[in-house]
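Undergrad: The structure under discussion is supplied below as structure tokens; questions concerning it will follow.
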Amino acid sequence: MAKIDASKWKSFKLTDIFRMSNTKSIVQKDIAPDSGEIPYVTAQAGNNGVMTYVECPDEWLDDGDCIMIGGKTLTFSYQAKPFCSNDSHNIALYLKDKVNASEIRYLFLIAVLRGTLYQKYSWGDSVSMKRIKDDTFMLPVDASGEPDWAYMDEYMSEVMQEAEKSLEHLSQADGDKHAIGIKNWKKFHLYDDDLFDIDMGTKLDRVKMAQVNPDVNFVGRANTNNGITARVDSIDGLEPYSTGNMTLSLGGEYLGSCFVQPDKFYTSQNVVVLIPKWDMSFEVKQFIATMIFRESRSYYKAFIDELNRHIKTDFSFYLPVDDAGKPDWGHMEEYMRSVMKNAEIDLTAMQTIF
């Protein structure tokens with residue numbers, strides 16, 4: 001795909017293109033998880049923002065066919081159907097000209113909005129409708145200077161075709177291109193032999209940390225940038241955790257986020273440190289982190305049944321095993337090397353898109 005040329009795009013105010021509204025604020029204590037078919041949408045980044053599906057009265061609903069911006073986290077999602085939202089800080093954007101509204105066009109607009117607003121705001125800024133109503137963003141235009149919807153359709157169709165090819169690559173496991181299966185896998189606890197010592201972390205508050213001479217990463221309950229939310233000063237008498245240890249978020253919207261840390265670090269509340277009992281390779285750690293995340297998101301729920309009371313007791317996750325029933329480290333390494341190789345190929349291809 002040819003690299004996009006935005007040299008002839010035109011600037012528009014967000015309010016030229018969108019009708020904006022704050023979503024309704026339906027607090028979590030008022031909903032019954034898994035009680036219906038209406039998406040309960042939050043500002044979380046995963047699963048298109050949907051925490052659960054609920055039964056709710058019409059007066060709780062926001063109209064679908066819109067972009068929802070997580071006001072506190074600057075996340076973007078396309079909501080096709082009517083939904084209820086957990087926070088009035090969230091913002092719904094509806095195309096003013098409804099005849100031009102379609103999912104594929106909204107996805108294009110999300111990409112442009114994300115690229116624009118990320119340059120001005122950041123996670124935790126509590127972006128509000130009042131703050132962004134005068135912001136501008138660039139769009140492709142037709143000969144009359146109006147948004148070129150046909151171009152957006154064509155471009156996004158190509159993007160989706162490329163994405164399908166990428167997913168085909170990522171669904172293949174080993175060098176022989178066989179799909180991965182877990183029929184002969186076995187469940188393990190984090191504290192089992194040959195796995196981890198579980199340390200409950202430093203439990204620090206980032207807003208109270210000094211940042212005069214920052215030399216240590218601060219890992220919080222986030223799901224991007226390896227969970228690193230800041231760079232802070234070392235604390236006398238408090239040794240940071242070592243490079244190569246892993247962090248796991250026990251709760252909140254990013255429950256289960258698990259990362260191998262690239263540098264020494266401190267942690268926030270509700271983030272534990274997994275210290276390998278042996279010299280695990282990076283590939284093995286990445287494999288395990290993926291399986292921990294998968295298990296966490298499948299069977300535990302933020303704010304309802306979090307990992308805190310399970311992590312040292314009954315939390316378990318699948319790993320491939322050898323003939324003796326022990327974790328098959330070699331298979332994990334081979335699989336992750338294959339995934340990373342395919343990811344490099346995909347990233348090279350994706351760099352031609354924007």
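Undergrad: Would you mind listing how long segment 210-313 runs along its three principal axes, going by Cα atoms, in whole Å with the largest first?
TA: Sorted largest first, the three principal extents are 41, 32, 24 Å.
Undergrad: Another one. Of the chain, which part is the longest with no GluC sites (Glu not before Pro) in a loop (DSSP not H, G, I, E, B) and with at most 13 other C-beta atoms within 10 angstrom?
TA: Working: sites that count: Glu37, Glu55.
Here the longest run is 56-354.
Undergrad: List every residue whose amide H lies under 5 Å from the amide H of Thr202, counting only residues 5 or more places away in sequence or on a different chain, with H placed 1.01 Å from N in the peptide plane.
TA: Thr267
Undergrad: Translational D (Stokes-Einstein, µm²/s) of segment 222-279 at 4 °C and 1.567 mPa s when Rh comes from the Kirkwood sum over C-alpha pairs?
TA: 108 µm²/s
Undergrad: Still on this structure: Quick one: pull the percentage of alpha-carbon pairs in segment 33-84 with a separation above 14 Å.
TA: Details: 618 of 1326 pairs.
Roughly 47 percent, rounded to a whole number.
Undergrad: How big, in percent, is the set of alpha carbon pairs in segment 1-99 lying more than 24 Å apart?
TA: Details: 1383 of 4851 pairs.
So the portion of pairs separated by more than 24 Å is 29 percent.
Undergrad: In addition: Rounded, prolate or oblate: which one fits segment 264-308, using the alpha carbon gyration tensor with axes a ≥ b ≥ c (rounded when a/c is under 1.5, else prolate when a/b beats b/c, else oblate)? Write down the numbers at each step before the final one.
TA: Numbers: a/c = 2.90, a/b = 1.41, b/c = 2.06.
Oblate shape, in that a/c is at least 1.5 and b/c is the bigger or equal ratio.
Undergrad: Per residue, how much accessible area does segment 230-271 show when a 1.4 Å probe rolls over the protein heavy atoms, in square angstrom? Could the numbers behind the result be given before it?
TA: On the way: 1470 Å² over 42 residues.
Counting only protein heavy atoms, the per-residue value for segment 230-271 is 35 Å².
Undergrad: Please compute the volume of the convex hull spanned by the alpha-carbon atoms of the chain and report it per residue in Å³. Don't skip to the end; give the middle numbers.
TA: Details: hull volume 59.6 nm³, N = 354.
In the chain, the Cα convex hull volume per residue is 168 Å³.
Undergrad: Also, I was wondering about something else. Of the trypsin sites (Lys or Arg not before Pro) in segment 67-101, which ones lie in a loop per DSSP and count no more than 14 other C-beta atoms within 10 Å?
TA: Details: sites: Lys72, Lys96, Lys98; in loops: Lys72, Lys96.
In loop regions of segment 67-101 (DSSP not H, G, I, E or B), the sparsely surrounded trypsin sites (Lys or Arg not before Pro) are Lys96.
Undergrad: Also, I was wondering about something else. Got a sec? Which residues in segment 268-284 would a label at Val212 touch, if it sits 7 Å along Cα→Cβ and we count backbone N under 13 Å?
TA: Those under the cut-off are none; the list is empty.
The values are calculated or read from the model by the stated rules, or taken from the named source; none is laboratory data. The structure displayed is predicted, hence computed values, not measured ones. Methodologically, a virtual Cβ is constructed for each residue, glycine included, from the backbone with ideal geometry; neighbour enumeration extends over all protein chains shown. Areas reflect the complete protein model, heavy atoms only, side chains present, ligands, DNA and RNA absent. Shrake-Rupley method; radii C 1.70, N 1.55, O 1.52, S 1.80 Å.
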